[in-house]
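Contents: one structure, followed by commentary.
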Amino acid sequence: MASEERSSLSAGVESHRAPVPVHQFKQQNLPACKPVLTPAWVITTYFLIGVLFIPIGFISLRASMGVVEIVDRYDTECVPNSYKSDKVAYVKDMSVSKNCTRYLKVKKRMKAPIYVYYELDNYYQNHRRYVKSRNEQQLLHGLRYNSTSSCRPLELNKGLPIVPCGLVAWSLFNDSYSFSRGAEKLNVNRKNIAWQSDRDHKFGKKVHPFNFQNGTLIGGGKLDSRIPLSDQEDLIVWMRTAALPSFRKLYGRIEEDLDEDDVVIVNLLNNYNTYSFGGKKKIVLSTSSWLGGRNNFLGMTYILVGASSMFIALVFLLLHKLSWARQ
Amino acid sequence: MAHGRVRAKVRRSSLYTFGCVRPPRDEAEGPHQIQGPGYSRIVYCNQPRLHQRKPLKYSYNYISTTKYNVITFIPKAIFEQFRRVANVYFLLAAILSLTPVTPFLPVSMISPLAFVVGLSMAKEAMEDWRRFVQDMKVNLRKAITHKGNGEFSCKPWLKIQVGDVVKVEKDQFFPADLFFLSSSYEDGICYVETMNLDGETNLKVKRALEVTLPLNDDDSFKNFTGTIRCEDPNPNLYTFVGNLELNNQVYPLDPSQILLRDSKLRNTSYVYGVVIFTGHDSKVMQNATKSPSKRSRIEKQMDKIIYILFTLLVFISVISSIGFAVKTKDQMPDWWYLPPDDGHLYDPSHANLSGFYHLITALILYGYLIPISLYVSIELVKVLQAKFINKDIHMYDEETGTPAQARTSNLNEELGQVDTILSDKTGTLTCNQMDFIKCSIAGTAYGLSASEVEVAAAKQMAMDLDGQDPEFPGNFSRRNSTEVLLKNKRPSFGPSEIELENISTPMGVKHQKPVIKGFNFEDNRIMNGNWSREPFADLILLFFRILAVCHTAIPELNDETGGYDYEAESPDERAFLVAAREFGFEYCKRSQTSIYVRECHPSSREIVEREFKILNLLDFTSKRKRMSVIVRDENGKIFLLCKGADSIIFDRLSKSGRIFEEATMKHLNEYGEAGLRTLALAYKKLEEAEYTAWSEEFLKAKTSIGGDRELILDKLSDMMERDLFLIGATAVEDKLQKGVPQCIDKLAQAGLKFWVLTGDKMETAINIGYACSLLRQGMRQICISANIDIMAQDSKKLLKENILMQITVASQMVKLEKDPHAAFALIIDGKALAYALENDMKTHFLKLAVNCASVICCRVSPKQKALVTRLVKEGTGKITLAIGDGANDVGMIQEADIGIGISGVEGMQAVMASDFSIAQFRFLERLLVVHGHWCYKRIAQMICYFFYKNIAFGLTLFYFEAFTGFSGQSVYDDWYMLLFNVVLTSWPVISLGVFEQDVSSEVCLQFPALYQQGPKNLFFDWYRIIGWMGNGLYSSLVIFFVNIIIFYDQAFRSEGQTADMAAVGTTMFTCIIWAVNCQIALIMSHFTWIQHFLVWGSVVTWYIFLFLYGLISPVYSGNDFKILEEALGPAPLYWLTTLLVPVACNLPYLAHISFQRAFNPMDHHVIQEIKYYKKDKEDRSMWRRELSKARQETKIGFSARVDASIRQLKLRLQRRYSSSTPRISMSLT
């Protein structure tokens, strides 16, 4: 497509002092490639885009289709009938048992590892006030670092600093799940669900929760103050704020295959309050492909772009031939 | 004098009849009554010490044109910077970023602003420094001043005080406004050149008072004192009111005793003067107007776009804050995880207040719609473009060593949009150097040299015939040009060869003999004394004598050559004298009463010095348009010798004097056509009695007092100059500057309109019009002039009506013209113009003028030049360019959209006022057609792209808001945003703005019609701008939603992790970086390694940055810690997304441009393709066809002249064969 052109003009007026490239630069006469969008080139480009994109689309689509996913919304079902009219009271009432059992039917064989997610909806983890309400220094250095004004109003409690401070930590998700298949208990591995780098460098290995969830405002989950922050993986995952108000976060992994028609029994503690703001809570079991979770959109878009590109190539070819014939 | 010339001492005042006669001073007139406000200045001559204390302490002669000084620089420059609306907005944003409402880190708002403002201020400081240096150069010039005791010594100008006595020597500038005491001439006159004040090149005479005449040597100043009481400093150049008190006598002063600063002493060895006004008090400094700061149209249009974007910004901010308020009020109380704040920023109970705070947040957040870096990038790009203009070797004048200079860089792109060129004539189109080239004596034409115009025209015609229509014989050749024609009958290389670059030395072969300045005559019939063998030898003799005698020049013996040089008031006169000298009639001496001419008679071969007694000299004035001398020769016979404009002379011939009228007329027409300045020569023999009678009356009139003195003198001379006998005519070539006709031709082909504004006479202007092909034979000339005869006071109205009628009639004529090829030329003189420029008439005048192919305004004052420029600028709304070299062009240069000064000649006023300066007129072609075209496209594309990229980026922020409860959270890291405009996308766009070339410079010159893309504004019209904004909108939608949907809730890796905000933001940002950089690569059509490096380097920089950012402590990088290395890098989804999104973003644009190129191509597309397929080399005929297409249809220039000739020939042939088909001259656009 490119035609290398070196202008012959410069040779005539070559300045004797400046070396040739500098002179060419000053005279705006550097050798340049000047691509011209000739019909042949355009048609080829579009065609190549099509040829490249459509297969990618199909491959992605196939990968996405191969992912098996079970989604179960449980926030409404797990409220006793007596509380149906006032779910907030239910979730706030500490005396009521929050236990709940769900039965998930496996429709298709799921190969290990099976990822367990919780999904929240209408939850503005990306609200600016919420996102800012944390302190990286404190997470890493603990009490040694005490200028934590960004965490207000959850900065201090009874005059003592809170570790980890801020709204994000304070509102930690605290529903818990345990799984069994029939009588057989399914182990959920909750290790290594957070990024390695977060555990190693972002959350202090010697920083223990302090004065956390002790105040008048009670938010989400509590933390075991014996375990350092770097090992509180559910906290680490939670503190990676989601981009959208509807999000999934990794809960753990089931490292056993699930067969078709298996029924997974989920025993859960429905602690987390999504009722005040009408958010949904779901539990998700999903396998993954090389592309990640089940998402047909990428493959479809690739096919769409590839196809339209092919279409443009064809139209162009046709018009070009027509105009050629006319000439 | 450098050459040690010897000057005959002569009382010059005796040479003049009208101008210099000193009327006997009327004693009753008395001194001026000087009192009251405005007349408070007292100057103690030769006592500068008295002026060191108040109240007589006047300012020193120090001048300063700088805008700032050391102390005021910071506050003033900062104030200047924040006069830009955008900067104020960014300043507010930066201040607010220190408060809690900010969505970003304060540093990300403050640092770009500091950078932008700092850079602009640095530029200001640089420019001001340059002005300071220039001022100091002037301030430190040396002047000779009186120290006391009659001793004089040098002193820098800035130390000169009021009251100082200054001695100024020949060719020096006056350091301040001086009161003229005495000069080297006995009668106390001196000559000054006021070029820098009013641009007039002719010399002006100043006269000292008689009482001060004795003060003409250094010693006489020992005890000189005197007091001047005069007016206060004022800008009026032509008035002065004051009195001199000397030895208890009071003498009135008038402007002719005042020598103004910045004018130059000429033809006078020295003068003495007393300083009256110094420094900024001097008249020229009082006259100095600040050069208006000009902004290009594109920039003005850009402001509009910024307002649009600002509206958009406010609009989406309001949406955001309403959304925020609603969310805060209705939903936030339910969000237990966001408990109420102690401030009001997120207070559901004061939702309106929170909403208001949020409005500010949103205004800052979406600030990315208004690219802060745009201004600084444009500034940088323009400076670099200017550098390239300065460096262009094709605009470098080797003779004077001056390069082109872009003095202000903010008009570069305007160069590509010029519609009308208004040009000065003298010094711009012509060198103001006259060459005697032809003459017609007694009905015979002499002179074989061809004028430049003839040569060029013949060459062009030969080419065109050669290249296009071989069936036509090349019989266009006129006399003298045949050989040129034959010389150029080379094998055809197509019209592109008509560069005519050698045109300045067309007679290269003949130039073997030494070149004589002012003389370029070649004809053996009358050279070397051969004239005596011609039929009318006696008339030829008379002809030469008229040349040698009828003038006001002074001879100077040149010691080096032994010959005489002449100092004449006009270069024409000098050319005549040189010619006479070459013909053997050397004017050698002038005494009070006589002129001595050394005649070399061919018969005897010896030199005889003849004396001609000058009895009377009837001066040349623009009104009279003729000059006569009455002489008595050695035999006692009295002759009236007259030279003047042909029309005037022909009216005054006697019946018997018309023998040669017809032949001479024919020759005059030919000369005019050849672009020469012509004068007719005539004589009359006077009888003794007849003369004596007239002379007495004349003398009486001369010494009479009263207002009608001039009138009577006029009438008397008119009486005398009658019944003349026509001898012949002279043709002088006002040498055009190198390449002027070619340049005008090219510019005409590029579709530019051409106006010439000159202070010259109408005839001269018309001749030059012919010479530079602005006029040609067959063009209909519309001459509008004020009839001088009705000049009485109350006839002003009549005159105006008369001019209006002329204009309407001409307009009608133009309107009724049916022939599409008919071309009209409008020629208007200064007086008529004065009326035509009045409010009620100017629209009529303009309407007529734009319908004419060329417009020539003669006898225009500097003020009128500026007014005409304003009229064209405002009346047509198109972009005007004014070009000139003298101080009289300053007004027009400042008034026009672009002012260009010709540098390299004397006087820097025009250059100082100009926006660009070039050494020669012909460089204008390259400046406009190449640099203008490039810069226009570059800037236009750059701005469009800038808006595109910032819309594409900024809107994604807005979309994301909708998903965050309008809380003002951005999906990107602060540092990404900071880098986006400063590093990641700015360099490619700068490279686009600096290096882009749609076609190479040679092609630009070959296809001048490409230039029309600028004046038509094809690249920055609203369609295009809105198209780009639409493209930005589309891209933002694709980038945002594709990313969001892909990353929405599912795991993005095989290890099951879901994407958090950092991952989504980073991927989205990667997509943006790719999309905008691919987009700019699609815009570019010219990739050197620099563009490749900057475009792809920017993308690489992003990855490098991301990697490095991930390496620094998470305390700073937050959630972006190791994001590329650990989270995104290994995820195939990330890479697939960054492939998909940029392609999807750019597909429609690519489709658009390829369809446009294939099925609706623009000019440059076609040319690029021709170049690409090397059709210029393979398919000659097609190449030529394209070339002829690329000429804008034009009515002026060579091409038009040739076209017209060809058309006529064709018509003739058609009539003969009645079969030939006319050539269709096509135009691209």
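Listed values, structure above:
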item	result
Criterion (out of contact with any helix residue (DSSP H, G or I) (no Cβ under 9 Å at 6 or more places or on another chain) and within 17 Å of B:N888 (Cβ to Cβ)) met by exactly one of B:E193, B:E245	B:E193
B:T964, sole failed condition from (1) surrounded by 24 or more Cβ atoms within 10 Å (Cβ to Cβ); (2) in contact (Cβ under 8 Å) with a residue 40 or more places away in the chain	(2)
Segment B:1033-1066: number of residues that are more than 10 Å from chain A (Cβ to nearest Cβ) and in contact with a Leu (Cβ under 7 Å, 6 or more places away or on another chain)	3
Subset of segment B:536-582 (residues that are of a type in the set (F, W, Y) and either at pLDDT 85 or above or part of a helix (DSSP H, G or I) (or both))	B:F543, B:F544, B:F576
Qualifying residue in segment A:256-267 (condition: closer than 30 Å to B:W335 by Cβ, touching a Phe, Trp or Tyr at 6+ places or on another chain (Cβ under 6 Å) and modelled with pLDDT of 90 or more)	yes
Some residue of segment A:107-115 being at the interface with chain B (Cβ under 9 Å from one of its Cβ atoms), within 21 Å of B:L105 (Cα to Cα) and not aliphatic (A, V, I, L, M)	no
Residue match in segment B:388-398 (condition: farther than 24 Å from B:I856 by Cβ, in a helix (DSSP H, G or I), free of Cβ contacts under 8 Å to residues at least 12 places away in the same chain and not hydroxyl-bearing (S, T, Y))	yes
Any hit, segment A:202-215, residues being surrounded by fewer than 22 Cβ atoms within 10 Å (Cβ to Cβ) and either free of Cβ contacts under 8 Å to residues at least 40 places away in the same chain or facing another protein chain (nearest Cβ under 10 Å) (or both)	yes
Hits in segment A:170-192 (condition: within 14 Å of another protein chain (Cβ to nearest Cβ) and crowded, with 23+ Cβ neighbours inside 10 Å)	A:W170, A:S171
Pairs with Cβ under 6 Å, 6+ apart, first in segment A:117-140 and at the interface with chain B (Cβ under 7 Å from one of its Cβ atoms) and without any contact (Cβ under 8 Å) to a residue 60 or more places away in the chain, second part of a loop (DSSP other than H, G, I, E, B) and of a type in the set (F, W, Y)	A:R129/B:Y346; A:Q137/A:Y145
Which numbered condition B:D392 misses (of (1) more than 14 Å from chain A (Cβ to nearest Cβ); (2) at pLDDT 85 or above)	(1)
Check on A:Y251, more than 9 Å from chain B (Cβ to nearest Cβ), modelled with pLDDT of 90 or more and not in a loop (DSSP other than H, G, I, E, B)	yes
Any hit, segment A:244-257, residues being touching a Cys at 6+ places or on another chain (Cβ under 9 Å), touching a residue at least 12 places away in the same chain (Cβ under 8 Å) and assigned by TED's automatic domain parsing to the domain that holds A:G219	no
Answer residue from segment A:216-248, given it is of a type in the set (A, V, I, L, M, F, W, C) and at the interface with another protein chain (Cβ under 9 Å from one of its Cβ atoms) and is surrounded by the most Cβ atoms within 10 Å (Cβ to Cβ) among those	A:A243
Qualifying residues in segment B:1129-1161 (those that are β-branched (V, I, T) and within 16 Å of B:I1044 (Cα to Cα)) - the one farthest from the other protein chains (Cβ to nearest Cβ)	B:T1138
Condition broken by A:F311, with the remaining ones in (1) crowded, with 19+ Cβ neighbours inside 10 Å; (2) out of contact with any helix residue (DSSP H, G or I) (no Cβ under 7 Å at 6 or more places or on another chain); (3) within 30 Å of A:P55 (Cβ to Cβ); (4) not aliphatic (A, V, I, L, M) satisfied	(1)
Residue identified as among the aliphatic types (A, V, I, L, M) and within 11 Å of chain B (Cβ to nearest Cβ) among A:L167, A:L143, A:L160, A:L156	A:L167
Hits in segment B:619-638 (condition: among the aromatic types (F, W, Y) and surrounded by 23 or more Cβ atoms within 10 Å (Cβ to Cβ))	none
Cβ pairs under 7 Å, 6+ apart, first in segment B:440-466 and over 13 Å from B:L668 (Cα atoms), second at pLDDT below 75 and basic (K, R)	B:E454/B:R478; B:A457/B:R1201; B:A462/B:K489; B:D466/B:K489
Residue in segment B:880-893 that is free of Cβ contacts under 8 Å to residues at least 24 places away in the same chain and surrounded by 24 or more Cβ atoms within 10 Å (Cβ to Cβ) present	yes
Residues of segment B:880-896 satisfying the condition of being at pLDDT below 80 and outside any helix (DSSP H, G or I)	B:G886
Residues (in contact (Cβ under 8 Å) with a residue 40 or more places away in the chain, surrounded by fewer than 21 Cβ atoms within 10 Å (Cβ to Cβ) and not in a helix (DSSP H, G or I)) located in segment B:830-858	B:M841, B:N851
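Yes/no matrix, rows are residues, columns are (1) surrounded by fewer than 14 Cβ atoms within 10 Å (Cβ to Cβ); (2) part of a helix (DSSP H, G or I):
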{"site": "B:K123", "(1), (2)": "no, yes"}
{"site": "B:M126", "(1), (2)": "yes, yes"}
{"site": "B:V138", "(1), (2)": "no, yes"}
{"site": "B:I144", "(1), (2)": "no, no"}
{"site": "B:S153", "(1), (2)": "yes, no"}
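The values are calculated or read from the model by the stated rules, or taken from the named source; none is laboratory data. All of these numbers come straight from a predicted model, not from anything done at the bench. Don't worry about glycine lacking a Cβ; one is built from the backbone with ideal geometry, like all the others, and counts go over all protein chains shown.
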